[in-house]
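Taken together, the values in this text are just the output of simple stated rules run on the coordinates, not laboratory data. Computed from a prediction, not measured in an experiment: that's the story for all the values here. All Cβ positions, even for glycine, are placed from backbone atoms using ideal geometry, and neighbour counts span all protein chains on display.
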Amino acid sequence: MTKKKGFISALHEKEGVPQPKTLSNTVANQLKKSRKKTPSTKELIQGILQKDIPALSRAITVIESTAPKHQKQAKEVIEACLPHANKSIRIGITGVPGVGKSSFIEQFGKLLVQKKHQVAVLAVDPSSTISGGSILGDKTRMEDLVNEPNAFIRPSASGDSLGGVARKTRESIILCEAAGYDIILIETVGVGQSETAVHSMCDFFLLLKLAGAGDELQGIKRGIMEMADGIAINKADGENVKAAKLARVEFNRALHLYPIKENNWSPKTLVCSALKNEGILELWEMISEYISLTQENGYFEQKRKEQNKFWLLQTIESSLKSDFYNDPNLNFELKKQLELLNENKTTPFEAAEFLLHKNKSI
């Protein structure tokens with residue numbers, strides 16, 4: 001086929017602006033400054049205690065790293081921060097995807113900042129089970145809150161953690177508390193897997209719900225209502241206001257079916273709109289009422305002690321799992337057992353028993 005005269009292909013590429021052979025001194029100096037050496041453990045600790053945001057962010061990155069050298073540094077940083085921790089209110093926020101968690105947290109965080117609180121948001125972003133990647137876009141969704149000097153937003157990948165709680169969220173809480181943040185907001189992915197993970201690390205557990213989305217019965221069925229200290233029907237605006245109020249009545253009826261909690265608190269249901277910034281103040285008043293009650297009757301401190309026990313057991317479990325999979329001898333045996341499994345020469349249970357027995361003998 002012959003081309004017509006003057007024909008220009010759609011794939012034709014115009015010549016671009018030629019790149020300079022060398023960078024300008026200004027750009028070179030900026031790059032040099034951005035490539036600072038990794039801060040020492042002492043520098044990280046000092047930075048955290050002085051509420052230096054870059055130091056806090058770097059320390060959390062070290063905590064999330066699986067590299068052995070970083071794990072050692074993370075341990076030292078956490079130990080130094082522990083005496084300055086446990087001086088905050090930890091609020092867990094969960095709900096199905098699309099319920100408006102990020103919008104709600106932004107409005108809620110702005111209210112808390114206005115009330116002279118130091119707010120840290122540990123937002124957990126879902127990781128792909130295929131690529132392992134994560135968007136980490138919570139900062140872009142909280143445009144106003146991210147610019148508040150007394151707010152810190154840290155998106156983390158959920159990884160393989162159930163309930164969407166990042167593997168090192170507990171340690172991140174300690175660092176944020178040491179940096180002076182008195183309210184920690186922990187956002188989960190909200191995929192309905194194991195919300196006990198976030199429940200085990202917060203003082204107040206808030207469940208965000210939608211009205212008119214078939215969500216009322218689903219929330220009751222899942223049993224998550226038993227863990228909730230408060231329920232907020234979000235997106236109660238426009239034509240959805242009536243449905244939100246009806247949903248509130250339904251949830252309140254459902255809550256009466258559950259026995260009274262050992263902390264003597266009766267969970268409440270409120271309606272709110274993050275879009276219109278309505279009902280947010282009432283939610284904070286409800287949380288404040290809960291905190292005051294549990295601090296007075298001693299449940300607040302009791303729950304913190306129970307959390308520490310839970311964290312201990314979880315840390316042991318995580319450590320044992322890590323040691324098992326990082327052992328080169330066991331890795332070799334594991335590959336052999338997988339091959340036998342593919343050839344139908346063993347069963348998953350026999351293979352597991354063999355590997356566990358092998359682990360004891362090593």
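What ranking do 44-53, 197-206, 295-304 get when scored by the average of other Cβ atoms within 10 Å per residue, highest first? Walk me through the numbers before you get to the answer.
Details: 44-53: 17.8, 197-206: 22.3, 295-304: 13.7.
Result, highest mean Cβ count within 10 Å first: 197-206, 44-53, 295-304.
Using 31 Å as the Cα-Cα cut-off, could you pick out the over-long pairs in LYS51/LYS115; LYS87/LYS360; LYS72/LYS305; LYS75/LYS336; LYS87/LYS242?
LYS87/LYS360; LYS75/LYS336; LYS87/LYS242
By per-residue mean of other Cβ atoms within 10 Å, what is the highest-first order of 65-76, 168-179?
168-179, 65-76
Mind listing the long-range amide H neighbours of VAL121? Cut-off is under 5 Å, sequence gap 5 or more, other chains count too, H placed in the peptide plane at 1.01 Å from N.
Correct list: PHE152, ILE153, ARG154, LEU185.
Per residue of the stretch 255-272, what does 6.51 cos²θ - 1.76 cosθ + 1.60 with θ = phi - 60° give for ³J(HN,Hα)? Whole Hz please, x for Gly and Pro, Karplus curve as stated.
5, 5, 6, 8, x, 5, 5, 5, 8, 6, 9, 9, x, 10, 10, 10, 10, 8
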